[in-house]
Amino acid sequence: MTDLDPEWRPLTTRKEARVLESFTCTDDHPRTPGGRKLPHDRRWEWEAQRHLRQTSQLLQEGDLLLAGLRSSEVVAAAHLQFDPTNEVLQLFVAAAGVALAGRRQGGNLADQMLAAILAEGLHRATGLRCANLVLTGKIHTRNTPSQLMVQRAGWEPYDAPSSDYQAWGLIVPLST
């Protein structure tokens, strides 16, 4: 761990989640010369940013918001939802993002975020004595950086694209 590595902090309450209300992981909407807002060219980034900013209202019991902090600044965040069923812990990544300042640097921060998500899932699955941890998430079919990030971590697409999104996942067998 270096001084540049974030501290990964789990946030479990809506009050704690308010730290993300101004989190920025994409550029503003483009505008016409007259100032009218145009459609965002990377809609999936805008949707993830909106989701993360609203987690103080979206967080449900059992959910976890994983925030990567440098000093007191949030540099990455992920909203995780858990479903333990029959010796399997399913961890769904509802939204994840890396702050603008941490992007376009080779994916190191994104890889660290995914490793922190895996570590949190393993911790919970072990505590529940699960035989398997199943990580899942949906990625926009045009979101190549996120597809490459999950591929580096061993995830694979497991379903045909639905609308503009494709389901990705990783099964991690645990020794019990």
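One table, with the values for the structure above:
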quantity	calculated
Pairs of alpha carbons in segment 69-176 whose separation is greater than 18 Å (percent)	50 percent
Helix 108-127 vs. the chain, principal-axis angle (Cα, 0 to 90°, nearest 10)	30 degrees
Calculated over segment 8-152: convex hull of Cα atoms, volume per residue (Å³)	125 Å³
Accessible area of R36 in the full protein assembly, 1.4 Å probe (Å², nearest 10)	150 Å²
Contour excess over end-to-end distance, with Cα ends at T13 and S72 and 0.36 nm allotted per residue	19.5 nm
Accessible area in the full protein assembly, largest first, 1.4 Å probe, for K15, K37	K15, K37
Förster radius 22 Å - calculated FRET efficiency between L148 and H40, Cβ distance, rounded to 0.05	0.60
Ratio Rg/Rh [Cα only; Rh per Kirkwood] for segment 45-84	0.99
Mean accessible surface per residue for segment 34-176, computed with a 1.4 Å probe while every protein chain stays in place, in Å²	54 Å²
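The values are calculated or read from the model by the stated rules, or taken from the named source; none is laboratory data. On a predicted model such as this, the values are computed, not experimentally measured, just so you know. With ideal geometry, Cβ positions are generated from the backbone for all residues, glycine too; neighbour counts draw on all protein chains shown. Just the protein is used for accessible areas: all its heavy atoms, side chains included, with ligands, DNA and RNA removed. Shrake-Rupley method; radii C 1.70, N 1.55, O 1.52, S 1.80 Å.
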